[in-house]
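Each remark here refers to the structure printed beneath this line.
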Amino acid sequence: MNKEIKISDRIISEAAPAFIIAEMSANHLFDFDRAVKIMEAAKDAGADAIKIQTYTPDTITLDCDDACFQITQGTIWDGTTLHKLYQTAYTPWEWQPELKKKAEAMGLIFFSSPFDFTSIDFLEEMEVPAYKVASFEITDIPFIKRLALTGKPIIMSTGIAYMSDIELALRTCREAGNENVILLKCTSAYPAPYEDINLKTIPSMKEIFDCVVGLSDHTMGSAVAGAGVALGAKVVEKHLTLRRADGGADAAFSMEPEEFGEMVDNIRKIEKAVGKVTYDLTEGQRAEREHSRSLFIAKDMKAGEIFTPENLRSVRPADGLHTKYYDELLGRKIARDAKLGTPMSWELVDFG
């Protein structure tokens, strides 16, 4: 897979800052103006992109109340059916071209998660710059093949995937001629428990699948996102709403604007702190070495006296001989008088 992927005017690579996506999902609450406000909040908070979802209840599931369509997996949505849930969560398609225009006018990259062939065709007409594959669609191989054939970059979540699922999805993209795939470590729980996140998988995915790797995070707060970046995530996706108290299908695990902004700020600080592998010292650190330890005369001494632990000590600062000579000097004689606080030097040693 390619190690440098361009989405609109942004390069995503090992050398680039993390690409931060605000996921709107159902948080618009079927209010177009609210959707616009969420995008404005994303921009103000420092997001690089806003992502929506393109489906209708009928394009993602069946209107059926049979047991297998009931949500009973211990989620925040238990007690309803898939079709009924998606009726409360989809983004009206007639909004999406206008949302894209407004987002781009704000300086945000706008793209979406399609869920079937019709949504891919719709988004292709909109000329979105990239696509997101939701965790639950990673096993839909005909769908992934159709996405790959668009030639657009694909960001793929792995929240319910076995390794074999990831391998098959990537192979499908390669065979379709698309090497611009980013994998996101994801835990499909809403909100996700910290103990189930396993961020150590990020560097493992990078090594095993030889691609750019990121994080789709459904935990509360920003700690996991920051740690993910420290471990090599080059994409971070978090849900954003105006206020969790406003409700909605995804509100419970979404960030509010102030929290999102704090997360972005922390990620940028973490990126600076992670830096590179180096054992060199900065100019400031080299200056600070002046306060490291060295050997000093610790009592007034007369010529001919013997160096002992009482009159020769390792102390700060670094003006005297290196401490590695301490044992060699003990038992030798001082060559001349020296007062307390004299930096130890070879000129003070009687070698006769």
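The values are calculated or read from the model by the stated rules, or taken from the named source; none is laboratory data. These numbers come from a predicted model, not from an experiment. Note that we place each Cβ from the backbone using ideal geometry, even for glycine, and neighbour counts take in every protein chain shown. Remember, those area values only see protein heavy atoms, side chains included, never the ligands or the DNA or RNA. Shrake-Rupley method; radii C 1.70, N 1.55, O 1.52, S 1.80 Å.
Of all residues in segment 122-154, those that are part of a helix (DSSP H, G or I) and hydrophobic (A, V, I, L, M, F, W, C) total 10. Name the residue that is nearest to Leu183 (Cα to Cα), counting only residues in segment 194-214 that are more than 14 Å from the chain's Cα centre (by Cα) and not in a helix (DSSP H, G or I). The selected residue is Cys211. State whether one or more residues within segment 128-139 are open to solvent by 60 Å² or more (accessible area, probe 1.4 Å) and free of Cβ contacts under 8 Å to residues at least 24 places away in the same chain. So far as segment 128-139 goes, no, none of its residues is open to solvent by 60 Å² or more (accessible area, probe 1.4 Å) and free of Cβ contacts under 8 Å to residues at least 24 places away in the same chain. Of the residues in segment 228-238, at least one is open to solvent by less than 40 Å² (accessible area, probe 1.4 Å) and in contact with a His (Cβ under 9 Å, 6 or more places away or on another chain). Would you confirm, using the coordinates I've provided, whether Glu23 is among the charged types (D, E, K, R), under 25 Å from Ile144 (Cα atoms) and open to solvent by less than 10 Å² (accessible area, probe 1.4 Å)? For Glu23, the condition - among the charged types (D, E, K, R), under 25 Å from Ile144 (Cα atoms) and open to solvent by less than 10 Å² (accessible area, probe 1.4 Å) - is met. For segment 155-172, the count of residues that are within 22 Å of Arg10 (Cα to Cα), in contact (Cβ under 8 Å) with a residue 12 or more places away in the chain, within 25 Å of the chain's Cα centre (by Cα) and in a helix (DSSP H, G or I) is zero. One residue stands out among those in segment 242-299 that are in contact with a Lys or Arg (Cβ under 9 Å, 6 or more places away or on another chain), of a type in the set (A, V, I, L, M) and more than 30 Å from Met220 (Cβ to Cβ): the one that is surrounded by the most Cβ atoms within 10 Å (Cβ to Cβ), which is Leu295. For segment 303-319, the count of residues that are farther than 30 Å from Lys43 by Cα, open to solvent by 60 Å² or more (accessible area, probe 1.4 Å) and of a type in the set (Val, Ile, Thr) is nonzero.
Return yes or no: is Gln53 under 30 Å from Val36 (Cβ atoms) and at pLDDT 95 or above? Considered against the rule, which asks whether it is under 30 Å from Val36 (Cβ atoms) and at pLDDT 95 or above, Gln53 comes out as yes. In segment 236-243 there is at least one residue that is polar (S, T, N, Q), closer than 26 Å to Tyr90 by Cα and touching an Asp or Glu at 6+ places or on another chain (Cβ under 7 Å).
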